[in-house]
Amino acid sequence: YDEIITYSFMSPTYYDKIRMPKDSSLRNSLKILNPLGEDTSIMRTTILPSMLEIIARNNSYRNKSARLYELGKIYLPREDGLADEPKYLSLGAYGDGVDFFSYKGGIETLLHELRITDVKYVACTDNDSYHPGRCAKISTADGKVLGVFGEIHPEVQKNYAIDAPVYVAEIDFENLFAESDLDKHFTPLPKFPATTR
């Protein structure tokens with residue numbers, strides 16, 4: 001995967017492009033007092049539009065495939081006028097034989113490398129941005145949701161003029177590392193090496 005870095009501000013129209021419900025709490029965004037323009041007038045509450053913009057750009061340049069990631073913040077407004085700023089890991093891929101199961105395998109590899117065990121994948125049909133039959137939530141054995149991944153809904157692909165199936169994951173970075181075990185474990189070599197006769 002290649003890293004991308006995108007702006008934290010975006011246009012309110014992006015919520016419609018990803019089919020976010022009109023009554024979603026994520027539509028409540030911090031407005032920028034002196035925006036550069038309408039396309040940069042609010043702070044993002046989801047990292048998905050940023051990833052899809054870059055994938056759409058790569059697709060329009062006729063790149064047959066791409067695998068991208070971004071570690072970025074979202075901005076969830078609080079009552080005091082400021083925002084919580086959780087970090088999210090976004091993974092996006094299309095082309096070159098990528099399908100739901102190979103994409104899921106990549107996520108399983110990431111979790112394995114972080115030594116996160118007892119993970120459950122639960123079908124997710126209530127996220128309008130993703131294909132209802134090819135989307136899953138990632139959760140731990142105790143029910144903590146780490147994120148969501150799957151194939152982007154065909155209508156969202158159409159909104160971004162992408163002509164190939166796109167797979168994206170949105171993973172809560174803080175929860176991911178809270179569950180990980182990064183301590184190295186090793187077994188010391190024997191004091192007396194074995195000999196053969």
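Couple of notes before you dig in:
- The residue 197 and residue 108 beta-carbon pair, evaluated with R₀ = 35 Å, returns a calculated FRET efficiency of approximately 0.20.
- Listed by chain and number, the lysines whose alpha-carbon sits under 29 Å from that of residue 184, ignoring those within fewer than 8 places in the same chain, are 73, 87, 104, 120, 137, 144.
- In the chain, the C-alpha radius of gyration followed by the widest Cα-Cα span (Dmax) gives 19.8, 81 angstrom.
- A Förster radius of 30 Å, combined with the Cβ-Cβ distance separating residue 1 from residue 31, puts the computed FRET efficiency at roughly 0.40.
- Most simply put, the chain has about 95% antiparallel DSSP beta bridges, counting only bridges with both residues inside it.
- For residue 6, net neighbour charge (Lys/Arg +1, Asp/Glu -1) across residues whose Cβ lies under 12 Å away: 0
- For the chain, relative contact order (Cα pairs under 8 Å, six or more residues apart, normalised by length) works out to 20 percent.
- For the stretch 36-94, carbon and sulfur atoms together expose 48% of the accessible surface, with a 1.4 angstrom probe and every protein chain in place.
- Take the chain and mark each of the chymotrypsin sites (Phe, Trp or Tyr not before Pro) that is in a DSSP loop with at most 15 other Cβ atoms within 10 Å; the longest unmarked stretch, sites excluded, is 62-185.
- Sites matching GluC sites (Glu not before Pro) across the stretch 42-79 that sit in DSSP coil, with at most 15 neighbouring C-beta atoms within 10 Å: 79
- Charged neighbours of residue 152, selected by a Cβ distance under 12 Å, balance to 0 (K, R count +1; D, E count -1).
- Based on DSSP H segments of at least four residues, each scored -39500 (n - 2.57), the chain has a per-residue ellipticity at 222 nm of -6500 deg cm²/dmol.
The values are calculated or read from the model by the stated rules, or taken from the named source; none is laboratory data. Computed from a prediction, not measured in an experiment: that's the story for all the values here. Cβ atoms come from the backbone with ideal geometry, glycine included; neighbour counts cover every protein chain shown. Accessible surface is based on the protein model in full, side chains and every heavy atom, while ligands, DNA and RNA are left aside. Shrake-Rupley method; radii C 1.70, N 1.55, O 1.52, S 1.80 Å.
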